[in-house]
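The values are calculated or read from the model by the stated rules, or taken from the named source; none is laboratory data. What you see is a predicted model, and the numbers here were worked out from it, not measured in a lab. Methodologically, a virtual Cβ is constructed for each residue, glycine included, from the backbone with ideal geometry; neighbour enumeration extends over all protein chains shown.
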């Protein structure tokens with residue numbers, strides 16, 4: 001059995017969350033996926049690789065399981081992140097194009113969902129919560145930087161082309177304004193890239209659940225358009241070394257900036 005979560009502890013106030021890079025699907029669940037579902041197309045492809053080594057002393061919490069098993073960035077109570085808009089749920093019925101991912105009659109039951117919450121969703125968040133609390137106690141502050149990516153064109157979810165950097169703070173609720181400004185300040189100067197703050201993606205359940213600045217825990221989601229670091233946004237979703245190298249310089253600037261700011265904020 002693959003462990004549902006990997007934790008790499010660091011000494012920085014910054015904690016990196018990776019809820020959607022995992023591709024593990026238990027065999028008993030995989031056999032229920034249809035041909036489309038088995039593509040695992042909605043993975044945040046190579047995002048853990050993209051951030052690897054950018055901030056050596058950051059803590060990393062990474063889900064190993066795929067979001068089709070259960071989505072670690074959704075409310076375990078089943079609430080929608082974006083009421084009235086197309087989105088996918090706690091255990092998705094469809095992919096991001098609105099196409100079914102389960103064989104007929106093989107979609108998850110309420111019992112399946114409850115079991116997956118206990119076996120996957122809860123362990124991931126137990127680990128993430130523990131690391132945030134450890135870091136907060138050590139530094140007096142913790143910064144959750146939630147790492148994501150998505151295809152730049154998905155008509156089912158949004159019109160047109162997604163900006164390259166999508167910063168989500170739930171309209172400024174999940175972090176102090178200086179952290180949001182710091183991240184935007186870096187990406188706004190990234191030549192050849194576009195960005196938006198609290199656009200289509202305002203921060204998922206993770207960002208909204210943990211981001212409580214009044215307690216010393218600040219949370220920011222970064223949703224990257226996959227065109228910034230993949231050769232193509234279609235199978236085999238290959239990592240583009242040249243694109244990624246250029247992007248990594250800006251991401252490193254972001255992480256170093258919020259780390260410096262967090263050290264200043266705790267003084």
- Tell me, yes or no, whether region 95-104 has at least one residue that is buried (at least 18 other Cβ atoms within 10 Å of the Cβ), in contact with a strand residue (DSSP E or B) (Cβ under 7 Å, 6 or more places away or on another chain), at pLDDT 95 or above and part of a helix (DSSP H, G or I). no
- Give the residue that is surrounded by the fewest Cβ atoms within 10 Å (Cβ to Cβ), with candidates limited to residues of region 248-267 that are under 16 Å from residue 217 (Cα atoms) and in contact with a helix residue (DSSP H, G or I) (Cβ under 6 Å, 6 or more places away or on another chain). 266
- Kindly provide the set of residues from region 216-245 that are within 30 Å of residue 132 (Cα to Cα) and either at pLDDT below 95 or out of contact with any strand residue (DSSP E or B) (no Cβ under 9 Å at 6 or more places or on another chain) (or both), ordered by number. 245
- Item | Hits in region 213-243 - residues which are touching a helix residue (DSSP H, G or I) at 6+ places or on another chain (Cβ under 7 Å), buried (at least 17 other Cβ atoms within 10 Å of the Cβ) and either in a helix (DSSP H, G or I) or free of Cβ contacts under 8 Å to residues at least 24 places away in the same chain (or both) | 228
- Task: Quick one: residue 17 ticks every box in (1) part of a strand (DSSP E or B); (2) surrounded by fewer than 17 Cβ atoms within 10 Å (Cβ to Cβ); (3) within 14 Å of the chain's Cα centre (by Cα) except a single one, so which number is it?
- Result: (2)
- Message: Whether any residue in region 58-77 is over 24 Å from residue 213 (Cα atoms), in contact (Cβ under 8 Å) with a residue 24 or more places away in the chain and surrounded by fewer than 17 Cβ atoms within 10 Å (Cβ to Cβ) is what I want to check.
- Response: no
- Among the candidates 254, 187, 173, 183, single out the residue that is part of a loop (DSSP other than H, G, I, E, B) and at pLDDT 95 or above. 173
